Structure formats: structure tokens, C-alpha cells
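Participant: Got a structure here, written out as C-alpha cells. Questions coming.
Every number in this text was worked out from the coordinates using simple rules, so none of it is lab data. Quantities reported herein were computed from a predicted structural model and do not represent experimental measurements. Glycine gets a Cβ as well: all are built from the backbone with ideal geometry, and neighbour counts include every protein chain shown.
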Amino acid sequence: MTAKDIKHPLRGIRNPLLPAVLALFAFSVNAQDDETLTKQVELEQAPAPGPEGYHQPPSLDDIPEGPFGDSVRSGWQAFVNTRQHPEAKRFVGNKQNCGNCHLASGLAANSAPMWGAWGIYPKYRGKNDHVNTMDERIRGCFTYSMNAGGSEAGGPPEPDSQVLKDMQAFFFWSAKGAPIGENLPGRGYAAVPKPENEISVSRGEEVYQDQCAVCHGNDGSGKFADDGRQIFPPLWGAGAYNWGAGMHRINTAAAFIKYNMPLGKASPVEKEAALTDQQAWDVAAFINSHERPQDPRWEGSKASTDEKWHTHQCLYNETVRGHTLGDGAG
Amino acid sequence: MRGRYRFTCGLFGFSFLILLMPTISAANEAGKKLALQGGEGVQPCSSCHGAQGGGNAAAGWPRLAGLNADYMVQQLNALANGTRSNPLMAPIASSLSEQQRKDVAEYFANLTPPTTPPGGDVDQKILKRGKVLAQRGDWQQGIPACTSCHGLKGQGVGAAFPSIAGQPAMYLQNQIKAWQSGSRQNDPNGLMASVAKRLSDEDSQAVTAWFASLPAEPSKSDQ
């Protein structure tokens with residue numbers, strides 16, 4: 001293993017069946033200094049908004065002219081049209097754009113807005129005794145949500161690369177006037193209490209057919225225009241987020257879905273929901289009961305990957321519809 | 001050599017055409033006849049929707065040319081069963097048989113829509129607001145970009161999300177009002193009703209003016 005491999009441990013781990021030793025070594029090195037890359041850490045809950053409401057980002061029409069504005073615009077485009085952006089697209093190993101899970105160009109409260117994230121990083125985490133930077137957070141999103149291991153580049157963007165700079169210029173611009181170092185109202189997704197009834201994948205399937213399939217497709221593969229641009233994103237299969245992404249946790253997916261989906265019915269900024277808590281959890285479980293690209297932290301077997309990385313609410317290595325999940329897709 | 005090749009090819013193509021002709025033309029002929037001449041107790045569609053199916057902007061009657069055929073059948077069914085109401089169109093839809101609805105929808109779906117948009121005399125400022133709503137929505141009000149469902153150019157997505165580009169502004173606005181008042185309730189899972197109810201009158205005017213200023217593009221059923 002070269003020095004470069006250690007710095008970018010995820011590069012080249014395209015095939016989950018690479019020798020487990022390699023993956024293990026890469027990650028043990030990595031985990032010490034960079035937890036954002038080994039884990040999409042669950043965010044803490046944000047406080048409720050006061051009478052002044054949520055932070056108001058500036059209008060996208062008011063991005064200034066000049067080199068700073070150019071960088072902001074490039075970062076915005078890399079965020080919403082990641083698969084078309086000349087630089088960002090090289091790091092996308094599935095069929096996602098950042099904006100799929102961060103609605104309204106990453107500006108909507110309760111949709112994990114970027115203005116909510118901006119003032120939180122760099123963030124010290126005692127657990128790994130490391131200061132996590134925004135740079136690393138974004139690289140983590142590329143690694144899991146965008147499955148960078150399967151991309152043309154084979155891994156997330158290099159630290160401090162232009163696309164990361166542009167994205168951060170965009171986040172910075174959107175946070176204008178927001179306090180720094182505070183967990184702002186509207187940050188992250190608003191947690192949905194776990195319902196009293198058991199979570200049911202088959203009830204979730206009914207919700208999905210009734211309320212989601214018209215856009216995301218019966219087979220969860222989404223819809224794309226003739227020129228390849230996304231209309232509706234895939235939720236499972238090769239085009240989806242991978243088994244390491246935050247969205248594969250059922251509680252996180254339920255929280256996203258409750259106030260963001262179905263598109264046009266739920267309203268994140270107004271915190272209006274179209275589904276009951278039970279429906280949100282059930283459909284979140286249904287979506288995450290399908291194969292998707294392998295966890296890039298593959299430990300050599302589903303069981304050992306499960307044990308090491310999946311001690312949260314998810315269906316990795318669980319048996320659903322007669323199939324033990326975790327084979328990967330793509 | 002070349003000549004003979006072309007000859008066999010032509011012969012093959014010709015017999016192929018003959019084979020297909022009865023099925024294609026039966027539907028199209030029946031549809032075309034209904035559209036241009038009407039049927040028993042049914043006025044010709046063209047008398048309101050235009051000879052080429054281009055609609056009538058001044059009256060607020062929709063363009064049918066190039067719309068998705070399945071979408072049009074769904075609308076004719078809805079107009080007939082009352083989940084969508086309109087005094088002019090509902091009686092006509094009711095008097096069409098199931099087969100006639102399919103035939104005529106197929107006919108209009110295959111027509112090329114007019115290349116000039118219906119447009120209208122609208123202030124640039126209003127159009128600008130309309131464009132923002134169309135392409136980015138207004139999330140403070142819970143309104144996603146119209147294009148996220150109706151396609152990047154408003155050209156429609158499959159049978160569920162109709163083409164709204166190049167439709168008369170008045171027609172589009174009437175539909176938004178119909179959802180707000182509850183006289184149109186046929187949309188899948190109330191998706192459009194939910195969006196329409198969040199639109200103010202000013203925003204509805206602005207965004208419909210914007211789509212009326214765009215050229216129609218045929219909505220391919222598998223876009």
C-alpha cells in the first residue's frame with residue numbers, strides 16, 4: 001500500500017471483494033484521524049425555532065458577480081446537478097445529486113440545509129480525538145451518499161480540491177448572517193418518534209405503491225430524461241446511495257421522508273407532513289429493505305461488516321423476503 | 001447491385017406497411033374523423049381545440065396536439081365521471097365510448113404542436129417571478145419547482161405529469177383555480193391539488209404566464 005492509498009483509503013475499493021485485510025488496514029488507519037470518512041455520523045437534533053423562525057439564506061438571484069460569485073455559482077451547480085458538473089461528476093459512482101436529500105438547493109430548513117451545517121464545522125469529536133472539517137464532511141457524503149468508490153475517479157475529491165472549495169463557498173454564502181458554532185433551528189432532519197406498533201416492511205410497501213411509485217418507479221430505479229438528467233432519483237439498486245450512507249438508517253430515512261416526501265405534499269420549511277409517523281417508518285424500512293451498492297467499509301463478509309459498522313437501526317445483514325441483505329448492487 | 005438491394009428493401013418495406021396499415025390507420029382514421037368531423041351527437045373537437053389541436057388561447061381552451069395519449073384518456077375518463085368538471089367538455093367526454101377516447105387521444109398525441117407559444121402581453125417582472133417559481137419553486141410556501149414534476153422544460157413526464165409548456169395561460173390558471181375550489185380532483189394522490197392550494201393568485205398568474213411563453217414540446221410517453 002502506497003502513501004497515497006493511506007491518504008485516500010477509499011480510492012480503488014471499487015470491488016467490495018477486495019482482500020479484507022486491505023480494507024481493514026485502510027480503515028484502521030483512517031478511523032483514527034478522520035471519523036467523517038468512516039461514518040456518516042448521526043446529527044444531533046436541532047432546537048425548535050423561536051418566533052423569528054429559521055435562518056433566511058440570501059436569494060439565489062443575488063449571488064454577486066466576480067470571482068467569489070463564480071465560485072458560489074459553481075458550488076451551487078455542483079450541488080444540484082452533481083452528475084452534470086464538469087468536476088463534481090467524476091466523483092459520482094451512482095445516479096445521485098447532492099440536492100436529492102437536501103431539498104431546495106440545500107437551503108430548506110428540516111432538509112439538512114447547508115447553512116445549518118456551515119457554522120458547525122470544524123467539529124471536535126472526543127470519540128476519535130479528531131477535529132472534523134467541512135472538507136471531510138463533504139468527502140464523506142461523496143463516499144457514501146454518492147458512492148464515490150464506483151466513480152470515474154474511484155473515490156471522493158482530493159482534500160482542498162476546487163470542487164470542495166466551490167461547494168464551501170456556496171455553503172458559506174448561504175449562511176450569511178447566521179451565528180457560528182450553534183446548532184441552528186432547522187438543521188438536519190427533524191426526528192420522528194418511533195411508533196408504538198412494530199415497523200412493517202410490507203405495510204411500507206403499500207405506502208410506497210400508493211404514494212411514491214408514481215415518481216420513484218415500481219422498481220425504485222427513478223426516472224431519467226433522454227439526455228441522462230435526473231427527473232426522479234433512484235431509491236435502491238445500483239443508482240442509489242450505498243449501504244454506508246446515512247439514509248440507509250431507518251430512523252434517518254423516516255425523518256427525511258416525514259417532512260420532505262411525497263414531493264409537493266410535505267413541506268420541510270413549514271414542517272408539514274403528509275404521512276403519519278407509522279407510515280414514515282414503515283416506508284423508510286421498505287426502501288431500505290432492498291439491495292444497494294456495497295458498504296465501502298466491507299470487512300470480508302456481511303456478518304463482520306454488520307458487526308463492525310451496522311450497530312444502528314438498519315436492515316444490513318437482516319433477512320427480508322427470504323433474502324439476507326448486504327450483497328450490494330451495481 | 002445497389003438498385004436491386006433497394007428494390008427488395010422497398011418491396012419488404014411496402015409489404016410491411018400493408019401488414020401494419022389496418023391497425024394503425026383504423027385507430028387514426030376513427031380518431032381523425034372524431035377530431036375533425038365529430039360523431040353522433042359529438043361536435044368536432046377541432047371546433048374548440050383548433051384544426052391542428054393547437055388550442056384557443058383567447059378562450060382558454062387547451063392545446064391537445066402532442067399531449068401524452070394516456071394522460072388524455074385519463075382526463076376524458078375524469079371529465080366523464082365527474083372527478084373533473086367543466087360545463088363545455090364534460091358532456092362531450094361522457095358521450096365518447098372507451099374506444100373513441102383512445103382513438104382520439106392517439107390522434108392528438110401524434111400531432112405536432114404549434115412552434116410559436118401562445119404567450120400573452122405580460123410584464124417582464126411578472127415573467128421573471130414566474131420563471132423562478134417554475135424552476136426553483138417557493139419553499140417558504142412549500143412549493144417545489146414545477147419543473148421537478150412537469151419536466152425540466154415543462155414538457156411533461158409520462159402519463160402522470162402533463163406537458164404545461166405552450167398551453168394558454170388562461171387555461172393553466174383555470175386548472176389551478178379548479179384544484180383550489182375542488183372542482184378538479186382527479187390528480188394522482190392529490191399531488192397537484194396540494195401544490196395548487198399553496199399558490200397565491202399573483203404567483204399563479206406569474207407562473208402560468210411563464211409556461212405560456214415557452215414553446216410546447218411533445219411529451220414522449222417514456223420521457
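Participant: Taking θ = phi - 60°, what integer Hz values does the Karplus form 6.51 cos²θ - 1.76 cosθ + 1.60 yield along region B:165-174, in sequence order, with x for Gly and Pro?
Facilitator: 6, x, 8, x, 4, 5, 4, 4, 5, 4
Participant: Be a star and scan region B:137-167 for residues whose amide nitrogen sits under 20 Å from the point 7 Å along the Cα-to-Cβ vector of A:ARG83.
Facilitator: It comes to B:145-161, nothing else.
Participant: For region A:141-254, what is the per residue volume of the convex hull drawn over the alpha-carbon atoms, in cubic angstrom?
Facilitator: Numbers: hull volume 19.7 nm³, N = 114.
Expressed per residue, the convex hull around the Cα atoms of region A:141-254 is 173 Å³.
Participant: To the nearest 20 Debye, how big is the dipole of chain A about its Cα centre, given +1 on the beta carbon of each Lys and Arg and -1 on that of each Asp and Glu?
Facilitator: Working: 31 positive and 39 negative charges, 87 e Å.
With Lys and Arg at +1 and Asp and Glu at -1, about 420 debye.
Participant: Based on alpha-carbon positions alone, could you give the equivalent ellipsoid semi-axes of region A:193-265 from the gyration tensor, as √(5λ), descending, whole Å?
Facilitator: Details: eigenvalues 104, 42, 28 Å².
Output for region A:193-265: semi-axes of 23, 15, 12 Å.
Participant: Per the Cauchy relation, a quarter of the hull surface: what is the mean projected area of the convex hull of the alpha carbons in region B:44-92, in nm²? It would help to have the intermediate numbers written out before the result.
Facilitator: Values: hull surface 13.6 nm².
Its average projected convex-hull area is 3.4 nm².
Participant: Output wanted: per-residue J couplings in Hz (rounded whole) for region A:62-68, from phi through Karplus 6.51 cos²θ - 1.76 cosθ + 1.60, θ = phi - 60°, x for Gly and Pro.
Facilitator: Ordered by residue, 3J(HN,Hα) equals 9, 5, x, 6, x, x, 5 Hz.
Participant: Determine the principal axes of the Cα atoms in the protein assembly as shown, then give the extent along each, sorted from largest to smallest and rounded to whole angstroms.
Facilitator: 81, 70, 54
Participant: What is the set of long-range amide H partners of A:LYS223 at a cut-off below 5 Å, with H atoms built 1.01 Å from backbone N?
Facilitator: A:ILE231, A:PHE232
Participant: Can I ask one more? What is the mean number of Cβ atoms from other protein chains located within 10 Å of the Cβ atom of each residue in peptide B:144-150, rounded to a whole number?
Facilitator: Working: counts 9, 4, 1, 1, 7, 6, 1.
Rounded to a whole number, the mean comes out at 4.
Participant: If I take every Cα pair under 8 Å that is 6 or more residues apart in chain B, average their sequence separation and divide by the length, what percent do I get for the relative contact order?
Facilitator: Details: 371 pairs, mean separation 52.5, N = 223.
Reported relative contact order: 24 percent.
Participant: Apply the Kirkwood formula to region B:124-212: the hydrodynamic radius equals the inverse of the mean of 1/r over all pairs of different alpha-carbon atoms; give it in Å with one decimal.
Facilitator: On the way: mean 1/r = 0.0785 Å⁻¹.
Kirkwood radius, region B:124-212: 12.7 Å.
Participant: Here's something else I'd like to know. Using 7 Å Cα-to-Cβ label points, what is the B:THR116/B:SER181 separation (nm, one decimal)?
Facilitator: Going from the B:THR116 label point to the B:SER181 one covers 3.2 nm.
Participant: Please compute the modelled spin-label separation between A:HIS323 and A:ASP219, points set 7 Å along Cα→Cβ, answer in nm with one decimal.
Facilitator: 1.2
Participant: Using the Kirkwood radius over C-alpha pairs as Rh, can you work out the diffusion coefficient of chain B via Stokes-Einstein at 20 °C, viscosity 1.002 mPa s, in µm² per second? Can you show the working numbers first?
Facilitator: Working: Rh = 18.6 Å.
Here the translational diffusion coefficient equals 115 µm²/s.
Participant: Now for a different question. Relative to the longest principal axis of chain B, what angle (0 to 90°, nearest 10) does the C-alpha long axis of helix B:69-81 take?
Facilitator: 60
Participant: When the Cα atoms of chain A are enclosed in a convex hull and the volume is divided per residue, what value in Å³ results? List each step's numbers first, then the result.
Facilitator: On the way: hull volume 45.8 nm³, N = 330.
Dividing the Cα hull volume of chain A by its residue count gives 139 Å³.
Participant: Relative contact order, percent, of region A:51-174 when contacts are C-alpha pairs under 8 Å separated by at least 6 residues? Let's see the in-between values first.
Facilitator: Numbers: 175 pairs, mean separation 41.7, N = 124.
Relative contact order for region A:51-174 comes out at 34 percent.
Participant: So which trypsin sites (Lys or Arg not before Pro) in region A:139-194 pass both tests, a DSSP loop state and at most 13 other Cβ atoms within 10 Å of the Cβ? It would help to have the intermediate numbers written out before the result.
Facilitator: Numbers: sites: A:ARG139, A:LYS165, A:LYS176, A:ARG187; in loops: A:LYS176, A:ARG187.
Here the sparse-neighbourhood loop sites are A:LYS176.
Participant: Can I ask one more? Check each of the chymotrypsin sites (Phe, Trp or Tyr not before Pro) in region B:129-182 and keep only those in coil by DSSP with at most 10 other C-beta atoms within 10 angstrom; list them in order. Please list the in-between numbers first.
Facilitator: Working: sites: B:TRP139, B:TYR171, B:TRP179; in loops: none.
Within region B:129-182, no chymotrypsin sites (Phe, Trp or Tyr not before Pro) qualify (loop, at most 10 other Cβ atoms within 10 Å).
Participant: Once fully extended, how much extra length lies between A:GLU196 and A:GLN209, figured as 0.36 nm per residue of separation less the alpha-carbon to alpha-carbon distance?
Facilitator: Contour length minus the Cα-Cα distance gives 2.4 nm.
Participant: What span do the alpha-carbon atoms of region A:51-174 cover on each of the three principal axes, reported in whole Å from largest to smallest?
Facilitator: Largest to smallest, the principal-axis extents are 43, 37, 26 Å.
Participant: What ranking do A:GLU270, A:GLU152 get, fewest neighbouring Cβ atoms within 10 angstrom at the top?
Facilitator: On the way: A:GLU270 15, A:GLU152 10.
Going from sparsest to densest Cβ surroundings: A:GLU152, A:GLU270.
Participant: I've got another one for you. Hey, can you grab everything whose amide H is under 5 Å from the amide H of A:ASN132? Only 5+ residues off in sequence or another chain; H modelled, so Pro and N-termini drop out.
Facilitator: For A:ASN132, whose amide H was placed from the backbone, the distant partners under 5 Å are A:LYS123, A:TYR124, A:ARG125.
Participant: Follow-up. For Cα pairs less than 8 Å apart in space and 6+ apart in sequence, what is the mean separation divided by the residue count of region B:75-189, i.e. the relative contact order in percent?
Facilitator: Computed value for region B:75-189: 23 percent relative contact order.
Participant: Pull up all non-local amide H partners of B:ARG84: gap of 5 or more, or a different chain, and H-to-H distance under 5 Å with H placed in the peptide plane.
Facilitator: Correct list: B:LEU79, B:GLN185.
Participant: Could I have the simple spin-label model distance between A:ASP70 and A:ARG125, label points 7 Å from Cα toward Cβ, reported in nm to one decimal?
Facilitator: 3.6
Participant: What ranking of B:GLU40, A:GLU136, A:GLU291, A:GLU44 emerges when the number of other C-beta atoms within 10 Å of each C-beta is taken as an exposure proxy, fewest first? Could you put the intermediate results ahead of the total?
Facilitator: Numbers: B:GLU40 5, A:GLU136 22, A:GLU291 17, A:GLU44 11.
Final ranking by Cβ density, sparse to dense: B:GLU40, A:GLU44, A:GLU291, A:GLU136.
Participant: If we count other beta carbons within 10 Å of each Cβ, what is the order of A:PHE68, A:PHE232, fewest first?
Facilitator: Details: A:PHE68 13, A:PHE232 20.
Final ranking by Cβ density, sparse to dense: A:PHE68, A:PHE232.
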